[in-house]
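Structure, as structure tokens:
The values are calculated or read from the model by the stated rules, or taken from the named source; none is laboratory data. No experiment lies behind these values; they were computed from the predicted model shown. Glycine also receives a Cβ, built like all others from the backbone with ideal geometry; neighbour counts cover every protein chain displayed.
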Amino acid sequence: MKIKKPKSGIQRKYLKYILALLLLALFMSSICVIGYVHGKLETAIIDKYSFMCQKMGFSLDGQFQKTDEVTAECILDEDIQKSLKTGTMSSGVERNMLSKHFAYIDLEDVLEYCYVDNKRHVYTRSYSRITYHTFRKSKLEDFLGTEYSSTKWFWTEDTLFETGRPALFVGRYVRNMDYIHEPGMLFLKMHDSFLGDLIHDEKDDAWNVIIGIADSNGDICLSRCPEGMEISEQNQESLYSLAKKEGNGLFMDGVKVEDGVLSAYRQKESGFLVFVFVPNKVLYMGMGQILFVMIGIYFIVMILAVILSVHFSKRLSRPIQEISRAMEGFRGNDYNNFSESQ
């Protein structure tokens, strides 16, 4: 249908007001729709990744529970208890057997281990030649603190086995159950996969967000970033602040931070954090498609409104135009031209 330019001033005003009201209605409705849709979309995305963070936190709880149970079993072992008594191990065979004991504990991803009894004897893998002097130099015992006998996790540079790479260590005091003696110390060095599997299992659902694990100081142990993304200094500072914040479990649920939203779960006993950072571009990712569809709908509505407005404006203004033409020929009391026009 070809749209003709309105000839009448009334028709033009009618179209102008109708289009102005239509544009205002479309503008107001678009603001409301975009605000509502964006709010719902953002909430859904935040809830999705908060749930993911909580799920990884539960897995982290399970990993700590495993290490706690295994180290407790080591304490109760007969040979280990014997090594803590006043006398020394009776033979080299017994000491060798004790060194091999930790290679068969029920815990996956143990890369290295070191047990030091209360007489400064060091037990490791047969090929690890570690002396008591090397052990003291590593300062791993400083991480055990003053608690009686609790499992400790700490992420630190490996100076004990001399790799120089940071790694997760699991440590615990080992005490004799029958006598009051100075305790021994047990340290397990874990493979990166022990924690890494927690974040890499979420690859399909978290390809566009940053997920990672930080220690109790807020230092990042492991992380997985999408291509072209990295953890900014501002977000690193946010993690440092999180480490000082009280609360366990999912204590941050979709909190606004620099350039995105952050969720965090703290494992109670270890103090380690699992975090998920959702960038703003992920939060707004679906809005582009929604805006494209809305613009298409509004364009069609505008075209139809113009066509219908022109059509109805002609019908409404035609009688007025006819009267106007008739009045142009009216002079004083002469009604002839007026009657003929009727």
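Among the numbered criteria (1) in a strand (DSSP E or B); (2) of a type outside the set (Asp, Glu); (3) surrounded by 14 or more Cβ atoms within 10 Å (Cβ to Cβ), which single criterion is violated by residue 243?
(1)
Quick check on the stretch 48-65. Is at least one of its residues over 30 Å from residue 248 (Cα atoms), at pLDDT 75 or above and not aliphatic (A, V, I, L, M)?
No, that holds for no residue.
Within the bounds of the stretch 68-83, is there any residue that is assigned to a helix (DSSP H, G or I), at pLDDT below 90, over 15 Å from residue 278 (Cβ atoms) and of a type in the set (Ser, Thr, Tyr)?
Checking the stretch 68-83: at least one residue is assigned to a helix (DSSP H, G or I), at pLDDT below 90, over 15 Å from residue 278 (Cβ atoms) and of a type in the set (Ser, Thr, Tyr).
Just a yes or no: is a residue in the stretch 249-266 crowded, with 16+ Cβ neighbours inside 10 Å, at pLDDT 90 or above and closer than 30 Å to residue 115 by Cβ?
Yes - at least one qualifying residue is present in the stretch 249-266.
Checking the condition within 25 Å of the chain's Cα centre (by Cα), among the hydroxyl-bearing types (Ser, Thr, Tyr) and modelled with pLDDT under 90, which residue from 86, 43 passes?
Only one candidate qualifies: 43.
Return the pairs, sorted by first residue and then second, in which the second residue is loosely packed, with under 14 Cβ neighbours inside 10 Å, the first residue lies in the stretch 226-249 and is farther than 16 Å from residue 278 by Cα, the beta carbons are less than 6 Å apart, and the residues are 6+ apart or on different chains.
243/217; 248/268
Write out, first by first residue and then by second, each pair whose Cβ atoms fall under 8 Å of each other, whose residues are 6+ apart or on separate chains, and whose first residue, in the stretch 152-178, is closer than 14 Å to residue 222 by Cα and without any contact (Cβ under 8 Å) to a residue 60 or more places away in the chain while the second is basic (Lys, Arg) and in a loop (DSSP other than H, G, I, E, B).
157/165
Residue by residue through the stretch 172-196, note down the ones that are in contact with a strand residue (DSSP E or B) (Cβ under 6 Å, 6 or more places away or on another chain) and farther than 20 Å from residue 101 by Cβ.
Scanning the stretch 172-196 gives 195, 196.
List the pairs whose first member sits in the stretch 184-212 and is at pLDDT 90 or above and among the hydroxyl-bearing types (Ser, Thr, Tyr), whose second member is part of a loop (DSSP other than H, G, I, E, B) and surrounded by 15 or more Cβ atoms within 10 Å (Cβ to Cβ), and whose Cβ atoms are under 7 Å apart, counting only residues at least 6 apart or on separate chains?
Here the result reads 193/109, each pair linking the stretch 184-212 to a residue that is part of a loop (DSSP other than H, G, I, E, B) and surrounded by 15 or more Cβ atoms within 10 Å (Cβ to Cβ).
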